[in-house]
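Bear in mind that the values in this text are calculations on the coordinates, not laboratory data. On a predicted model such as this, the values are computed, not experimentally measured, just so you know. Quick reminder, even Gly has a Cβ in these numbers, built from the backbone with ideal geometry, and neighbours come from all protein chains shown.
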Amino acid sequence: MPDITRVGVCGCGLMGAGIAQVAATAGFNVVSYENDAHALERGRARIQQSLAKFVEKGSLSRADADAAIGRLRFTTTFDDLRECDLVIEAIVENPVAKKDLFARLDALLAPHALICTNTSSLCVMEMAAVTKRPTQVAGLHFFNPVPIMKLVEVVKTIVTSQATLDTLLAFARTLGKKAILAQDTPGFIVNRLLVPYLLYAIRMYEAGLASKEDIDEGMKLGCGHPMGPLTLLDFVGLDTTYYIAQIMFDEFKDPLMAPPPLLKRMVLAGHLGVKSGKGFYDYPSQPHSQSGSGAGTRT
């Protein structure tokens, strides 16, 4: 498998911009593709602001930040991805959109190139199946915020080659991340464990067994967690959790993975957490949503 020198990232939202930033900071030439020019500019600004914060904190030199920006190419032209050795998809969590993108990438890229998805919940094999290089397709699931979080889940389908896995594990290490190997099942490792825990916390609150504050304090002080489950839900996004839970329940039919009624109603009300200004707690500095956004938005 050839070395990775040029990385493409499809999608310049919160996750895509973060992936592009860490790849550029690690020394890779990065093509950041977004089909919406305004979203692309927002992503560019997000990366510049993030790098500036690292410089301000003294964890990155100004010269290194400038060099990272210099390695980034922002584009709305799909053909600009052609020379990439690895393309990471980070678009909306919609299987139809992802499969369409994978088919287009497969037709565009050189035969040696790898195609990865940053999905947190969808079946990677479904995306691999629309390509003529399924052994060169895998999941590369980063965690938010990407420049801070150290973990990457490398997701192996039933046909992903060992050469592909070795290349991706080495790539993750070059980014300064710790890579863990997961099988292609909904939730992979982290969300498979995390989502039922979060859903059960909602059920406890919904049933009136404890206040939201006591549930959160119990897990923080009793288990040493940095934040309680209901606070964490607000940061993850209630719509995102609802969407992942639906996929996991559809696959496994495990009652612990079924979204509680309260979660569904909060999403419909637009109470999505920090990003909408209201979830289990209020966040006055954030704009309040007056209507539901629909499940499946990507944070």
What ³J(HN,Hα) values, in whole Hz, does the Karplus curve 6.51 cos²θ - 1.76 cosθ + 1.60 give for the range 201-215 when θ = phi - 60°, with x put for Gly and Pro?
5, 5, 4, 4, 5, 4, 7, x, 6, 6, 6, 4, 5, 6, 4
Taking a ≥ b ≥ c as the square roots of the Cα gyration tensor eigenvalues, with a/c under 1.5 meaning rounded and otherwise prolate when a/b beats b/c, else oblate, which class fits the range 10-81?
prolate
Cβ density ranking, 10 Å radius, fewest first, applied to 283, 197, 242, 205 yields 197, 283, 205, 242
Thinking of the chain as a set of Cα atoms, what percent of all their pairs are more than 33 Å apart?
25
The range 142-299, convex hull of Cα, quarter of hull surface, nm² -> 10.4
23 Å Cα cut-off, lysine pairs counted over the range 6-183 (separation 8 or more, or different chains):
15
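Can you check what the net charge comes to around residue 190, using other residues whose Cβ is under 14 Å from the Cβ of residue 190 (Lys, Arg +1; Asp, Glu -1)?
Summing Lys and Arg as +1 and Asp and Glu as -1 gives +3.
Å³ per residue of the Cα convex hull, for the range 6-183? Each step should come with its number before you reach the end.
Details: hull volume 17.0 nm³, N = 178.
Taking the convex hull of the Cα positions in the range 6-183, it is 95 Å³ per residue.
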P(r) of the range 191-276 over all Cα-Cα pairs, binned every 5 Å from zero, in whole percent:
3, 16, 26, 27, 19, 8, 1
Projected label distance in nm at residue 97 and residue 183, using a 7 Å step from Cα toward the beta-carbon
3.0
Fewest to most Cβ atoms within 10 Å: 160, 119, 174 sort as 174, 160, 119
